[in-house]
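Structure first, then comments.
None of the figures in this text is laboratory data; all of them are computed from the coordinates on show. This structure is a prediction, so every number in the text was calculated from the model and none was measured. So basically every Cβ, Gly included, is an ideal-geometry build from the backbone, and we count neighbours across all protein chains shown.
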Amino acid sequence: MRRAQLHRLTWLALALLTGCAAGPDYVRPKLDVPAVFKEAGVWKTAQPQQVDSQSWWTLFGDATLDALMVQADQANQNIAQAQAQYRQARALADAARSGLFPAVGVAASAGRARTNSGGVREGDPVTLGLNTSWEADLWGRVRRTAEVGDLASQASKADLAAARLSVLATLAQSYFQLRSLDAQAALFDRTVEGYRKALALVQHQYQAGVALRSDVALAQTQLESVDAQRIDLQVQRAQLEHAIAVLLGQAPSALILTPVDTLVATVPATPAGLPSDLLERRPDIAGAERRAAQANANIGIARAAYYPTLTLSGSDGRASLGLANLFSTPARVWSVGAALVEPLFDGGQRAAQDARAVAAYDAAVAQYRQTVLTGFQEVEDDLATLRVLSEESVVQERAVQSAQISERLALSQYRAGTATYLAVVSAQSALLLNQRAAVQLQGRQLIASVALMKAIGGGWSANVKPSSDGT
């Protein structure tokens, strides 16, 4: 009967969980942002949400890049660190949620006793019992604490997504920069071979007495100068290859990327009107919004301190002066109790904690709004960059074509004796300069396209769905 009473008391206490929670309920901060992007279609106000992973890099059509991205996702140490931190946050959230339930434990003791009441009596006191205690969450302090833990884990999950996006975007940009250097090196190889043929022509002309010794020296100088530039590219390429190895979680000496002659990857076409939910998927915005919600819950914890704390406890067990009698009916003992604690004076500590929580919330809201504005700026910047580079590439291609015509004409005129070799050198230098600028421009477009994908949270597939937990 007494055990049934104890159970009823426990369930009655649990019913108190339906009470109100101190502090304001969270409402996502309002944002004053433009409805449209200046550089691309109509967008709407961001609503942060986490999305499932998407292999956005496959849009570039480079199989080597695809393989590198998979390796980095599995072995990069920054991603591994963020994953471990997320697991820590989940464990802390589980620990905070445990406060919603009673704590139950088993207690046992044994000793030696002697009494003189009515005679001498010796025995071995033995007790064995089940103890339980629980804080009635009348004002929502425990619930707010559990809420803070859940929100912190959601923010940590967003941090993991942000770390992953940052690492993979950095890898893609480093890879495209390296491939741009490969294409430039191949251009220099072709140019050096052409300059060797031009030097042979000048030497033949000089031996025939129709060219000056200075023409030979000029052709030799031009050849060696371009060859030196080709060799100089190896420094930056080696550094990029080392950086890519580290992003893959490898030692720099473990990675060798075979050079290619041309840029295999292509710049994905930017849709005329990007889906309005792209900016919503940015993990840094999702994380900042979750931290604002977390700061709001902390206000509730601070304000719950103004109210009394009710702790319920109970025990049920057996006690005797000997182990043999421990389980006999007369040895049974039980107890139930409640403790109500209300601080009367704390020198303003609770008021200070409340003010601190409110200030922390205001700071988190400001950070969230700033993160959203920064996100809009980055998208605007990257869209503008891609638009300008696209226009520039058209003009640059015309410049290359004109330079090719100029070089052919200069060589023809030199062979005919109607132009000096200095005119040939000038035309060749202009051609190389414009060809190299065209290759560099293609690399810049690829790097800018990666930056746009990072700015919009990773790709622009309209089929991406939020994860099951809504983060």
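Here the scattering of the range 151-250 is modelled by Debye summation over its C-alpha atoms, one equal scatterer each and no solvent; at q = 0.10, 0.14, 0.16, 0.24 Å⁻¹ the log10 of I(q)/I(0) is -0.50, -0.69, -0.78, -1.11.
Measuring r between the beta carbons of V395 and Q88 and using R0 = 51 Å, the FRET efficiency lands at 0.45. Shown for the range 383-435 is the translational diffusion coefficient from the Stokes-Einstein equation, using the Kirkwood radius over Cα pairs, a temperature of 10 °C and a viscosity of 1.306 mPa s: 132 µm²/s. 3J(HN,Hα) along the range 59-72: 5, 7, x, 10, 5, 5, 4, 4, 5, 5, 5, 5, 4, 5 Hz, from the Karplus curve 6.51 cos²θ - 1.76 cosθ + 1.60 with θ = phi - 60°, whole Hz, x for Gly and Pro. If one computes the Cα centroid of the range 207-238 and of the range 378-439, what distance in Å separates the two points? The distance from the Cα centre of the range 207-238 to that of the range 378-439 comes to 19 Å.
Put a dot 7 Å past the Cα of H204, heading toward its Cβ, do the same for D32, and the two dots end up 7.5 nm apart.
Shown in residue order for the range 408-424 are the 3J(HN,Hα) couplings computed by the Karplus curve 6.51 cos²θ - 1.76 cosθ + 1.60 at θ = phi - 60°: 4, 5, 5, 5, 5, 5, 5, 4, 7, x, 9, 8, 7, 5, 4, 5, 5 Hz (x for Gly and Pro). First select every other residue whose beta carbon is under 15 angstrom from the beta carbon of I244; then total the charges, Lys and Arg +1, Asp and Glu -1. So the surrounding residues net to -3.
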